[in-house]
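The values are calculated or read from the model by the stated rules, or taken from the named source; none is laboratory data. Since this is a predicted model, take the numbers as computed values, not measurements. When we count neighbours, we look across all protein chains shown, and the Cβ atoms used for this are built from the backbone with ideal geometry, even at glycine.
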Amino acid sequence: MVIAATCLSWSTAAQDQLSEAVGATRQAVDSYRSQHEAKILSDFADLLAIPNVAVNLADMEVNADHIIGLLEPRGFSTRKLYAGGAPYIYAELQSPGATETVMIYAHFDGQPVQEENWQYPAFTPTLLDGPLPEGKPVDIAQVKGAFGPEWRLYARSAGDDKMPVIALIHTLDALAAAGINPSVNIKLLLDGEEEMGSPTVRQVIDQYGKLLQADVLLFCDGPMHQSRRTQIVFGVRGSTTVDITTYGATRPLHSGHYGNWSPNPIMSLAYLLTSMRDESGRILVKDYYKDVTPLSELEMEAIANMPDVTSTLQDELSVHTPEGNGARIEELISLPALNMRGFVAGGVGSKGRNVLLSSATASIDLRLVPDQTPEGTRTLLERHVAAQGFHVVHEEPTAEILRAHPKVARMDWKDSGYPALRTELDHPMALRLTALMRAIAPDLIVTPTMGGSLPLHEFGSRLSAPIIILPLANHDNNQHAENENIRLQNLWDAMAVYGAVLAHFGEPGA
């Protein structure tokens, strides 16, 4: 197959030698980890107990100081980087004799929490002997022997994205205990505002670009494949969001007295939304796919080689008919998406009222792919809304504007957004890392792009290092939602991956 032939561009003997070396390193890391699981989880729980919603800058300073307190005893030089928002943490560890540098990105902020929806408090990390709803609490300090690989640690940011910090520091401890020196210099960039869209990352990179030079940039964020097989990912979609509001009369009206006469903003908005995409999820906006770069033959083959999880997901999520007209999820997430993420208009059930409202609002999440841009997407979407007969405004319309136009739509673009990024599967650094990851996991899944979004474009457009993603969290970690968690085996596997990369990526022939 093309993937295997391309990724293994050296001899079978060299690959076998690499696999043997990686296997010995993994054994050393696993042995250390098995003797220190309670300490690792205790350190993780201490970090997870610190509230980390990025708008609370004081909390983010506490997080940053705590993480620096973990890094500096391991030999890292550290500093906080600022560009007007929450802190970023930069850390550097020089390795004797290393000629290449790996930079690892992760983030330590988390999504806001609605405590009433959580089974256990979000900032009181709780270990369970299995996933909810069956899992029961376990006291970390009272465990004798090994922790169950299917046990889950529940807390905000357990899966997204404080785990890489803990996995990395304890991997370094494991390597040191085994007398294994990292083969590369290590740089870390830990983002304190990723869940807000990393609004100042551009300024951070521009201001501190010299610090951030590296040979390869590993983004350690996001869930791994639903099959639980080890995965390497070469791209993410871009993102931007817009709220659209349609209008009726300037005051609520009795639906009996004014129904069939007064424009109904809920119906007006519903018609507009259904004009934007069909039931299969294909976007109907004119020219929306014009700038989309299709997947290469190599990328399509990578998708074909991935395990098909369609039926598994249908069963797990109780979905009879997925969108996409039968296409696989791995192919669909490489296409643009227009997702309705919220609708505010009136009430239902006991909160329903017989009135025609003055306005209705929908929030739309737009996922972009190469070579779409947020600016181009905005132009196309506003042109489409205008083509449906709406007068488009960006501020709350006055009574005069409403009188002057048969239909008015306010389009409120919530952020500037960012484009997608995809690194070529046959980039030299990609080939090296893929071969190394195959030595860790022979059934490695090579993935051209994942469905979520990260601010990779800001790095890719400013730094020369190729960007590759190592998703390490379990796919069912409930990121962004209540009862977020990490499966312990995913934490243990993350340590093995870090051990192999740090110990062998910079070796001759790797």
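May I ask you to list the residues in the range 396-419 that are in a helix (DSSP H, G or I) and either surrounded by fewer than 18 Cβ atoms within 10 Å (Cβ to Cβ) or at pLDDT below 95 (or both)?
Scanning the range 396-419 gives Ala399, Glu400, Ile401, Arg403, Ala404.
It is to be established whether one or more residues within the range 344-366 are closer than 30 Å to Leu217 by Cα and either in the same structural domain as Gly451 (by TED's automatic domain parsing) or of a type outside the set (Gly, Ala, Ser) (or both).
Yes, there is a match, as at least one residue in the range 344-366 is closer than 30 Å to Leu217 by Cα and either in the same structural domain as Gly451 (by TED's automatic domain parsing) or of a type outside the set (Gly, Ala, Ser) (or both).
Conditions tested, residue by residue: (1) outside any strand (DSSP E or B); (2) within 19 Å of Tyr208 (Cβ to Cβ).
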{"residue": "Ala38", "(1), (2)": "yes, no"}
{"residue": "Met60", "(1), (2)": "yes, yes"}
{"residue": "Asn63", "(1), (2)": "yes, no"}
{"residue": "Leu71", "(1), (2)": "yes, yes"}
{"residue": "Glu92", "(1), (2)": "no, yes"}
{"residue": "Gln119", "(1), (2)": "yes, no"}
{"residue": "Phe123", "(1), (2)": "yes, no"}
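What residue, of Leu217, Leu189, Leu211, Leu175, is at negative phi, among the aliphatic types (A, V, I, L, M) and surrounded by fewer than 19 Cβ atoms within 10 Å (Cβ to Cβ)?
Being at negative phi, among the aliphatic types (A, V, I, L, M) and surrounded by fewer than 19 Cβ atoms within 10 Å (Cβ to Cβ) holds for just one of Leu217, Leu189, Leu211, Leu175, which is Leu211.
List the number of the failed condition for Val385; all other conditions in (1) outside the structural domain of Pro265 (by TED's automatic domain parsing); (2) surrounded by 21 or more Cβ atoms within 10 Å (Cβ to Cβ); (3) outside any strand (DSSP E or B) hold.
(1)
Quick one: how many residues across the range 313-324 are surrounded by 14 or more Cβ atoms within 10 Å (Cβ to Cβ) and either part of a loop (DSSP other than H, G, I, E, B) or modelled with pLDDT of 95 or more (or both)?
3
Say whether the condition of being on the phi > 0 side of the Ramachandran plot and touching a residue at least 60 places away in the same chain (Cβ under 8 Å) is met by at least one residue in the range 467-481.
yes
I'd like the full set of residues that are farther than 30 Å from Pro406 by Cα and polar (S, T, N, Q), limited to the range 226-273.
Within the range 226-273, Gln226, Ser227, Thr230, Gln231, Ser239 meet the criteria.
To keep it simple, each residue is scored yes or no on (1) surrounded by 17 or more Cβ atoms within 10 Å (Cβ to Cβ); (2) at pLDDT 95 or above; (3) out of contact with any His (no Cβ under 6 Å at 6 or more places or on another chain); (4) over 30 Å from Glu301 (Cα atoms).
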position	(1), (2), (3), (4)
Val2	no, no, yes, no
Cys7	yes, no, yes, no
Val29	yes, yes, yes, yes
Gln35	no, yes, yes, yes
Leu57	no, yes, yes, yes
Ile67	yes, yes, yes, yes
Thr78	yes, yes, yes, yes
Pro87	yes, yes, yes, yes
Ser95	yes, yes, yes, yes
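Could you go through the range 73-89 and let me know if any residue there is within 24 Å of the chain's Cα centre (by Cα) and within 21 Å of Asp173 (Cα to Cα).
Among the residues of the range 73-89, at least one is within 24 Å of the chain's Cα centre (by Cα) and within 21 Å of Asp173 (Cα to Cα), which makes the answer yes.
For Leu335, indicate whether it is of a type outside the set (Gly, Ala, Ser), in a loop (DSSP other than H, G, I, E, B), surrounded by 15 or more Cβ atoms within 10 Å (Cβ to Cβ) and at pLDDT 90 or above.
In short, yes.
Looking only at the range 194-206, decide whether some residue is farther than 23 Å from Leu454 by Cβ, surrounded by 18 or more Cβ atoms within 10 Å (Cβ to Cβ) and touching a Ser or Thr at 6+ places or on another chain (Cβ under 9 Å).
no
Checking the conditions here, which among Asn477, Asn490 is buried (at least 22 other Cβ atoms within 10 Å of the Cβ) and in a helix (DSSP H, G or I)?
None of the others qualify; the one that does is Asn490.
I'm checking my understanding of the structure. Among residues of the range 261-312 that are assigned to a helix (DSSP H, G or I) and among the acidic types (Asp, Glu), which one is surrounded by the fewest Cβ atoms within 10 Å (Cβ to Cβ)?
That would be Glu297.
Would you check if Ala155 is closer than 12 Å to Glu484 by Cβ, touching a residue at least 60 places away in the same chain (Cβ under 8 Å) and touching a helix residue (DSSP H, G or I) at 6+ places or on another chain (Cβ under 6 Å)?
Criteria met by Ala155.
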